[in-house]
Amino acid sequence: MPHITIEYTIMVPLLILQIFLFPLAAGLLMNIWVDSRRALALQDSASHLGSTVQQLYFSLNHETIGNGTRITNNPGVPPLIEDHYFTATSAIRAVSALPNSTKILALTLALTGTQNKVTLSVILGPNAQWQNSTYMSNSTHAAVSAQKFNGAILLRFGE
C-alpha cells in the first residue's frame, strides 16, 4: 500500500504539469511558425514590389523614351497576408562608392497588427528620384508609377 501512495504522490503532479506544459509549448511553437510564415510572405511581397520599381526605372531609362512619359503598374502583390494588410515606405540615397553615383532605394514593408517588418534594397541609377509616398496593399490605388522628365526618373507609390 505505501508504494501506491508514493507513486501517486510523484505521478499526479507530473500529470498536472503536463496538462499545462504541453498546450503552452504547442502554442509557443505555433506562434513562431506563424510569424515565420508571415515574414516569408512579406519578404516575397517586398521582393516583387522592389522588382516592379526597378523594372519601371529601367523601362524609362533609355534614350529612346521621351520626357513626359509616365508608366503606372499594379505590382500584383496580394492585398492581404493572413487577413492583415501591409504598408510600404521608401527612402532613396546615393552611394558614391558605387559606379556613377548609383542610388539605392530602401524599401520597408510592415504588416499591420503584427511585429513583422522587412527591408529590401533596390539598386537604381544616378538619375532616379523618389517622391515620398506610402503603398497600402489593400488600397484601390495600390500601384507604382514612374515619370521621366529632363532626363530624371521620378518614382513613387500610387497612380
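None of the figures in this text is laboratory data; all of them are computed from the coordinates on show. For clarity, every value in this text was computed on a predicted model and none was experimentally measured. Neighbour counts are summed over all protein chains in view; Cβ atoms, including those assigned to glycine, are modelled from backbone coordinates with ideal geometry.
Computed from Cα positions, the angle between helix 2-60 and the longest principal axis of the chain comes to roughly 10 degrees. Taking the chain as a Gaussian network of alpha-carbon nodes connected by springs under 10 Å, the highest mean-square fluctuation of the residues ASP83, ASP44, ASP35 belongs to ASP83. For the chain, the Cβ-based charge dipole about the Cα centre amounts to some 580 debye (Lys, Arg positive; Asp, Glu negative; other atoms uncharged).
Can you match log10 I(q)/I(0) by the Debye sum over Cα atoms at q = 0.10, 0.13 Å⁻¹ to one of these, (i) -0.49, -0.68; (ii) -0.68, -0.82; (iii) -0.32, -0.55, based on a calculation from the structure here? Among (i) -0.49, -0.68; (ii) -0.68, -0.82; (iii) -0.32, -0.55, the one calculated here is (i).
The modelled label-to-label distance between LEU15 and ASN138, using points 7 Å beyond Cα along the C-beta direction, is 4.7 nm.
With kT/(6 pi eta Rh) evaluated at 37 °C and eta = 0.692 mPa s, and Rh the Kirkwood radius from Cα pairs, the range 1-86 diffuses with a coefficient of 179 µm²/s according to Stokes-Einstein.
Normalising by the residue count of the range 33-159, find the relative contact order in percent from Cα pairs under 8 Å and 6+ residues apart. Display every interim value, and only then the final one.
Details: 261 pairs, mean separation 38.4, N = 127.
Once normalised by length, the contact order is 30 percent.
Could you pull out which residues in the range 119-137 have an amide N less than 15 Å from a spot 7 Å beyond the Cα of ILE104, following the Cα-Cβ vector? Only 119-126 pass the distance filter. With runs of 4+ DSSP H residues as the only contributors, calculate the mean residue ellipticity of the chain at 222 nm using -39,500 (n - 2.57) per run, divided by the residue total and rounded to the nearest 500. That comes out to -14000 deg cm²/dmol. Here the extension length gained between THR89 and THR5 equals 23.7 nm, from 0.36 nm per residue of separation less the Cα-Cα distance.
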